Structures are given as structure tokens and as C-alpha cells.
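Since the structure comes first, as C-alpha cells, the remarks are kept for the end.
Bear in mind that the values in this text are calculations on the coordinates, not laboratory data. Computed from a predicted structure; not experimentally measured. Cβ placement follows ideal geometry from the backbone for every residue including glycine, while neighbour counts extend to all protein chains displayed.
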Amino acid sequence: ASDGKAPRSLSALAMAVPRGPGLPGSAALGVLRAPSSAARVRSPTVPLFLAAAGVTALNSVYFKRMMNCYKSDADAVEPHDYAVFVSVFDILLWALFMSGVGRLGGWTASAAKFPRREVLRGAAVDQFGTLLVTVGSATVPGQTQVLLNQAVLPLTMLLGSLCGRRRYSGLEVIGAAVVLSGAAVAAGSPSAETLHNSMGGGIVLFSLAQIAVATANLLKEGLLQKAVTRNGGIKDAADPIALGVTVAWLRVPLGIALALAAHRGRGDFLSEFRDGWLCFLGAEARTGDAGCAAAFRTTCLSVALYAGQTFMGLLLTQHGSATLRSIAAVSAVPLAQLLFTSEAVMFADGAESFSRDSLLGLGLCLLGFALHRSSSKT
């Protein structure tokens, strides 16, 4: 999954999606018999899960690299990071890219038949979670952020159970626990200093953000389930694409409004946006803008990966569940840790040393996914 390949991967997966339930010819024959292995319709859950976890891991790496491009040097007289520009422009560029990918995937305006009020509710919760993460990340160390992000899995299962949408078997719960243990092994135990620095309002905001993310995933799952019912049981690949594009454009004005509210009292909004735009184009608008030379290509690649993550997550939700989407997000933690050790990926920022914990954590996540999926199939 990289810039320019997301649409091709999406189209390939969309073409592999079964267009209807049941077995060909079984109704016409009128014979009740066990289907042969060749006649069975293969579920795309496993390839979608692997694709979603892989793209999510890559996105986490390149999102970090993108933010580093807009951050001033440590010895800058006036430290800055153009956070307001990035928070607004990133969403706009993401919506444009989503629309382009959607067109290539066969999405049309007539495909967006979701209830507008419910879609708006999901977009608002989604954007609110993004705001909480943005504000809370300033005071929460990165290692603590990784640990808190894992809470989206148990929260999704808890909220789904409370809403009466899903009842989980013991094996499904065990599988989810194994996934969480794998992510925890890969992330490692935070030091006493890290825990001390995490105390305060930032950790509360980050925790609330996970509730918002889990809620948004469940709302989208409900919308996709209604679409399947409307289509007579057919899981049309155009529905996740249409939902993703619609939510993306609804988040643009919400993101602008939230950015303006967050920037209130912090100086000139227009000058920061102008300088951030110049940094995106590669110019050093302020002293210390050393990373702006790579801002354009890194931002475009990060947005492309985020779009791929969105589409893969929605496709996985459609053919699996919001819980499987959360499992994929948590499983991306050890995979991202492995990517951080790759010189091919982190050549500009310096690769980290290899850790066997990341490999062990990835193995545990895959084992937990297999346990959860086997119980779900049963």
C-alpha cells in the first residue's frame, strides 16, 4: 500500500467481493446437500484483515514522518509545528483523494443513499475523536498513546454488547484478549518517567477519544448493515466506498470549525495557515523549517495511506464487523513497530533497532484474530 497503489488494491479487493449470497445453481437444482469445497463462496475477511492491518501500520509510520516535516528544529528560536494548517489541509486533501479513489472504484453520487442524519452523526463523532487525539497528544508521550489506542478493541466489544448489537462467545473474548496481549508485548512497558508525564488532562482526552472512535465504528457498521438489508442481502462494494466519501466531505467543515475553535487566542490563524502552505510547497517560511523540503511528497503519501486505511476498514466492517476492524487496528501496533526498524521505510528519520518483542507481538495478534474468527464462523 503506497501512493498510487491504493486505488489498484481497492479495485482488486472489490472485484474479489462476492456480489450475492448463496451458492450458484443451488436454488435451481432444488437439492439439499452439503456444498463441495469448490462451490463454497470464499469470504474475503482474511485478505481484508491483512490489508487493513498493513495499511494502518504504514499510515501510522508515515503520519509520524509527515508531522515531523512541519515541526521546527529543536534549536529554533520560536518552535512551531503548523498544527492548525495540517489539521485542516490534511482533511481536505484526504476528502479529495477519497473522491478520486471512489470514482476509480465505481462510486457515483446515486450510490450515497445512507440516511443523512445518521451519516452526519457518525462524521461528527469521528471528527470529535480526532480533535481529542490532537489536543491530548501534546501532553501524552508516544508510548502511552500506543497503549491507550488499544482500548478501542474492548470498548467496541463493550459498547456493541450494551447496544444489543452483538453477543460474544468465550472464544471470541479470548481471541480479543490475545490480540491485546500481542499489542502490549510489542509496545513494551512504559517507564516510571513516562507514566509520570502521562498524568493529567491529556490522558483523559486520549481515553475519551477511544470511546469516540469505537462509537463511530459501530455507527458505520449499522449503516453498512442497513445497506446490505436494502440490497436484499448483497454486500455491494460500492456501499463502503460511498459511505467513506460521504463521511470525508462532511468532516471537512467540521474540521475547519474545530480548528478555528482550538486556535482561538493563539495568534494569527491566517499567517500560520499561509506559512504552513508554503512549507507544504517546500519553502522555508520560518526559521527552523528544515523538513519542508520533503513535506509535499510525505503529506501526499500519508493521505493516500489514510484513504486506503479508511476504505479497507469499511470493507472489513461490511464483510466482518466493527470488532474485526478494531482487531486490525490493534494488530497494526506490532507491525508498525517492525516497520520502524526498516531502513527502507525510515531511511530519512533513522531506523530503530530490531526487537523480538515486535515479532512475538505480531504472532500473538494473528493468533488472536484466528481464534476470534473461528468462533465467529462457528
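Structure notes:
- Rounded Å value of the spacing that divides the Cα centres of segment 282-298 and segment 211-257: 35
- Residues in segment 266-298 reached by a label modelled at Leu92 [backbone nitrogen below 15 Å; 7 Å Cα→Cβ]: 269-281
- 3J(HN,Hα) from dihedral phi, segment 224-240, Karplus parametrisation 6.51/-1.76/1.60, rounded to Hz, x for glycine, proline: 5, 5, 5, 5, 5, 4, 5, 8, x, x, 8, 8, 7, 5, 6, 5, x
- If the segment from Ala261 to Ala293 were pulled out straight at 0.36 nm per residue, it would be longer than the present Cα-Cα gap by 8.6 nm.
- Modelled spin labels at Val77 and Ser375, positioned 7 Å past Cα toward Cβ, are 6.1 nm from each other.
- Peptides 167-178, 145-156, 89-100 ranked from most to least packed give 145-156, 89-100, 167-178, packing being the mean of other C-beta atoms within 10 angstrom over each peptide's residues.
- The slack between Arg103 and Glu284, meaning 0.36 nm per residue of separation minus the straight C-alpha distance, is 61.6 nm.
- Inter-probe distance in nm under a simple model that places probes 7 Å from Cα toward Cβ, at Ser271 and Gln225: 5.2
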